[in-house]
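Bear in mind these aren't lab numbers, they're just calculated from the coordinates by the rules spelled out. Predicted, not measured: the structure shown is a model, and the values here were computed from it. Here the Cβ positions follow ideal geometry from the backbone for every residue, glycine too, while neighbour counts run over all protein chains shown.
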Amino acid sequence: MTTAYTIQDVAGPSPRSLMWRRITGHVGLMIGLGGLAVVVAVALLAPWLAPHDPYAQDLSRRLVPPVWAEAGSWAHILGTDALGRDYLSRLLYGARVSLLIGFFAALGSGLIGTTLGLLAGYFGGRVDAVVSFLVSARLALPVVLVALAVVSLFGGSLTVVIVVLSLLLWDRFAVVVRSATKQVRANDYIKAARAVGCSTGRILVREVLPNLGSTLAVVGSLEVAHAILLESALSFLGLGVQPPTPSWGLMVAEGKGMIFFDARLVAIPGAAIALLVLCINLIGDGFQDVVAPQGAS
Amino acid sequence: MAAFVTKRLALALLVAIFVSSISFSLMFLTGDPAIAIAGEGATEADIEVIRRTFGFDRSFAVQYWDWISGAASGDFGQSFYFNQPVVELLAERMPVTATLAVFSIGFALLLALPLGILAAVKRNSLADRLSLALATVGQATPSFWLALMLIVLFAVNLRWLPVSGADTLAHFILPSIVLGYYASPSMMRLTRGGMIEALRSDYIRTARAKGMLPRTIILKHALRNAVLPVVSVAAVEFGFILGGSVVVESVFSLRGIGYLAWESIGRNDFPTIQAIILVYAMIYVCLTFLADVLNAWIDPRIRVA
């Protein structure tokens, strides 16, 4: 009787499949990823999914109630807003604004914060002191107020909001990347790279940065969520994305005046923001658990 | 300790100076503040008059020095829109925001401490999971939306609380709940972590062995050690609450500093905006400085770093 052993039987599952198992076994992470996938799909497919043009006004069909109300109909599943625009179509298109701003603001702030964090963690000393000074200064500035003031000077638009948030949300990236870089720097392969004469730039990009992937993913997802929340607040206050663009924060602001008669106009877009942000936070928290199962931050 | 305090104080001062220059230069972001103040349809002559009146024709350094030396002696200049000294405006509006901030931090502690303790004592229990869920959902909910939903529920449907305004203390309940809810997750996590660590320590085991009541152990021995870092985070959260109050104050029509900021931003009232950003930043710098000193006083290991 002979038994054939394969490599897998002896060595156990590969690190990759172990990681995969941890990811698929994490309930919160899977819920978050599933939810985000739905929103991304909605944003991409909005022109095909939306039953109506999100900008088309029909003043004869203003404030049509949703399908579950007595006077509602399937023509407007979530009803219409005060200008007779189909609410479901606006909601679907609104996902685009949130995701675009969340993604690009996190990307921009990630670039700034990661660069500062890498420099501070790798060089230490004076460079570190300057970066921590910049972080303290950034934290002292009230984000919402500064963002409001700057957006109001330049006029609200997607680009302005993305640039302003990029310049304001880099602090967590810098702090986390700095301490991670400090740890990586102590490794022997960094010393080896320096010994063979690699340039500092090459060491930072080729040796240090690849080790920060999971850290960046965790902070990145939290900052995407942060940026989405801030965009909605700016748009709600009238100093973010401008009408008639369908932004969820703006939709809440537009529905605010009718909140005592028709709370649906406020409840629906706000719930959409909360659910999207919740999903992204679940991904961030879940990813943190998966890469550092001991709960060490 | 003295060396540590001096070093921190110097850092705080540097940050304060740097941040003040940022809040001052916000006005010059678009190039010429005179054009922004004049608004659309102003002629070149109008703009020139404004430039002279407000002294924008002087060098940036001179203007900054003028502003910051005035600010240091409590003179933030004249509000363009309200036509009264900015200091007066701030003094008028501060009580509302201060009340709101104190109530909010109180609510946050009221929520975070018991839940954090419960979560630590009964780890992985239903209570632990529930408090985690409460914190996670809270961090995802936009504050303006939570505020509006609470208005619909408590002010319109149940008619328990007033919708907006700041006439009575009851007007502060809903806004404080909204702001406090946002400040609570970090404190909750810190309470839980601190309690878990404290409950593991030797002196708690000794207390248990002596047969002390669990309640005495938890509330007197463990909490005392767990609560101190929470106090310093509460100081920092207080700063965040002030910054976040602009959204909540505008929803509830609370005429505090946040509302003033919103009004002046919409009207390019630069002296007021600059003063509010500066004052908020200074409050934050002071609070973090105090929190640092407090931490160093409690835990001597920090003083070395």
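What span do the alpha-carbon atoms of the range A:8-92 cover on each of the three principal axes, reported in whole Å from largest to smallest?
73, 25, 16
So which chymotrypsin sites (Phe, Trp or Tyr not before Pro) in the range B:125-224 pass both tests, a DSSP loop state and at most 11 other Cβ atoms within 10 Å of the Cβ?
Taking the range B:125-224 and a limit of 11 other Cβ atoms within 10 Å, the loop chymotrypsin sites (Phe, Trp or Tyr not before Pro) found are B:Trp160.
Using Cβ counts within 10 Å as a stand-in for footprinting exposure, how do B:Val87, B:Val156 rank, fewest first? Don't skip to the end; give the middle numbers.
Numbers: B:Val87 17, B:Val156 12.
So the residues, fewest neighbours to most, are B:Val156, B:Val87.
Using the beta-carbon distance between B:Lys122 and A:Trp68 and R0 = 35 Å, what value does 1/(1 + (r/R0)^6) give for FRET efficiency, to the nearest 0.05?
0.30
Shielding of A:230-242 by partners, i.e. mean partner chain Cβ atoms within 10 Å per residue? Write out the running numbers ahead of the final one.
Working: counts 2, 1, 5, 7, 1, 1, 8, 8, 4, 3, 0, 0, 0.
Mean number of neighbouring Cβ atoms from other chains: 3.
When the helices in chain A are scored as -39500 (n - 2.57) per DSSP H run of 4 or longer and the sum is shared across all residues, what 222 nm value do you end up with, to the nearest 500 deg cm²/dmol?
Helix contribution divided over all residues of chain A: -22500 deg cm²/dmol.
Under a 5 Å amide H to amide H cut-off, with H placed in plane at 1.01 Å, what residues pair with B:Gln78 once short-range neighbours are removed?
Those lying under 5 Å, H to H, from B:Gln78 are B:Val86.
How big is Rg to Rh over the range B:242-294, alpha-carbon atoms, Rh as the Kirkwood inverse-mean-distance radius?
Checking Rg against Rh, the ratio lands at 1.08.
Taking the alpha-carbon centroid of each part, what is the distance from the range A:209-255 to the range B:41-101 in angstrom?
31
Rg and Dmax in Å for the range B:86-266, alpha carbons only: what are they?
Rg then Dmax for the range B:86-266, in Å: 19.0, 65.
So what is Rg over Rh here for chain B, counting just Cα atoms and using Kirkwood for Rh? Walk me through the numbers on the way to the answer.
On the way: Rg = 23.6 Å, Rh = 22.1 Å.
Radius of gyration relative to Kirkwood radius: 1.07.
Other chains near B:131-143: what is the mean number of their Cβ atoms within 10 Å of each residue's Cβ?
On the way: counts 0, 2, 0, 0, 0, 5, 4, 1, 9, 13, 8, 16, 5.
Mean shielding by partner chains, rounded to a whole number: 5.
When all C-alpha to C-alpha distances in chain A are sorted into bins of 5 Å, what percent of pairs does each bin hold, rounded to whole numbers?
Spelled out per bin, shortest first, that is 1, 5, 10, 12, 13, 13, 12, 10, 8, 6, 4, 3, 2, 1, 1, 0, 0.
Mind listing P(r) for the range B:6-81? All alpha-carbon pairs, 5 Å bins, whole percents.
Computed distribution, short to long bins: 3, 13, 20, 24, 16, 10, 6, 4, 2, 1, 0.
Please compute the Kirkwood hydrodynamic radius of the range A:203-297 from all pairs of different C-alpha atoms, in Å with one decimal.
Computed over the range A:203-297, the radius equals 15.3 Å.
What are the aspartates and glutamates whose alpha-carbon lies under 20 Å from the alpha-carbon of B:Lys220, with same-chain residues fewer than 8 places away excluded?
Straight-line reach from B:Lys220, under 20 Å: B:Glu197, B:Asp202, B:Asp299.
Take the alpha-carbon centre of the range A:85-118, take the same for the range B:135-196, and report the distance between them in whole Å.
26
From the helices alone, meaning DSSP H stretches of at least four residues, give me the mean residue ellipticity at 222 nm for chain B, per-run term -39500 (n - 2.57), in deg cm²/dmol to the nearest 500.
-24500 deg cm²/dmol
Averaged over its residues, how many other protein chain Cβ atoms are within 10 Å of peptide A:128-141's Cβ atoms?
5
With viscosity set to 0.890 mPa s and temperature to 25 °C, compute the Stokes-Einstein D of the protein assembly as shown, Rh being the Kirkwood radius across alpha carbon pairs; µm²/s, no decimals.
92
Quick one: among A:Ala271, A:Ala225, A:Ala69, which has the greatest mean-square fluctuation in a GNM of chain A with alpha-carbon springs under 10 angstrom?
Residue with maximal mean-square fluctuation among A:Ala271, A:Ala225, A:Ala69: A:Ala69.
With an 8 Å Cα cut-off and a minimum separation of 6 or more residues, compute the relative contact order for chain B in percent.
RCO, chain B: 26 percent.
List the relative contact order of chain A as a percent without decimals, with contacts defined as Cα pairs under 8 Å and 6+ residues apart.
22
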